Structures are given as structure tokens and as C-alpha cells.
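Worksheet: one structure, shown below.
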Amino acid sequence: MRASIKRPPTPDAEDEDQDREPTLPEIINIKLIESGEKERLKELLRERLIECGWKDEMKSLCRSFTRKKGRSNVTVDDLVHLITPKGRAAVPDSVKAELLQRIRSFLQSAAL
């Protein structure tokens, strides 16, 4: 079988360290997914960001950047590099605090 030219071959499962214990963040992520809490947190985040105008602000930034550079001269990567730091910084502290509290409550109830 020929190896792909564009990407390295996928390692075999045997090659991975099967004896490794999952880290605490990995365990938390697994518990969040299994319980469905991760999806609920993501939905809550979407709602709060829309309510506070964050989504419209990011959309406006993208549109102004696209107008400035020209529609055919902008790539998705350009937008991601522009928006990511600004988007993270623009999330209101109240939204961050609410999500953090929900995560803490989940961890306490899951006894992790």
C-alpha cells in the first residue's frame, strides 16, 4: 500500500502507548462527554455570547476586515488569525465566571 504524499501515515494502534493512564484533564473531558454536560455547556456558551452581542461583534470584525482586504483576497485562515485573539479577549467576564461555576459544580457532583 502506498503512503499518502500529503500527510504521514496514521500510526498503528500497537505503536501507541496503551499502558498510559489518562491525565486529569482527559478524565474530566471524558466525564463531561459521557454525561452530556459538555454539550449543555457549549449550548449555554452560545446563548450567552449571542445575548451579550459577542457574536455580532465578531461578525462585524470579519465583515470590516473582508471589505478592507477585498472579498477575493481573504482566506478563512486570515479570519481565524484575526478573530481568535480578539474573540477570546472579548468574552465577558460574567460569561466566563458562569461557565466556570457550572464546571466546578459538575466536578463536585461527579466527585472528581
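The values are calculated or read from the model by the stated rules, or taken from the named source; none is laboratory data. Computed from a prediction, not measured in an experiment: that's the story for all the values here. Positions of Cβ are generated from backbone atoms using ideal geometry, with glycine treated the same way; all protein chains shown enter the neighbour counts. Just the protein is used for accessible areas: all its heavy atoms, side chains included, with ligands, DNA and RNA removed. Shrake-Rupley method; radii C 1.70, N 1.55, O 1.52, S 1.80 Å.
Filtering segment 73-112 to residues that are basic (Lys, Arg) and without any contact (Cβ under 8 Å) to a residue 12 or more places away in the chain leaves ARG88, LYS96, ARG104.
Any chance segment 91-101 includes a residue that's aliphatic (A, V, I, L, M) and modelled with pLDDT under 95? Within segment 91-101, not a single residue is aliphatic (A, V, I, L, M) and modelled with pLDDT under 95. Take the conditions of a type outside the set (Phe, Trp, Tyr), open to solvent by less than 70 Å² (accessible area, probe 1.4 Å) and out of contact with any helix residue (DSSP H, G or I) (no Cβ under 9 Å at 6 or more places or on another chain) and apply them to SER35. Does it pass? The answer is no for SER35.
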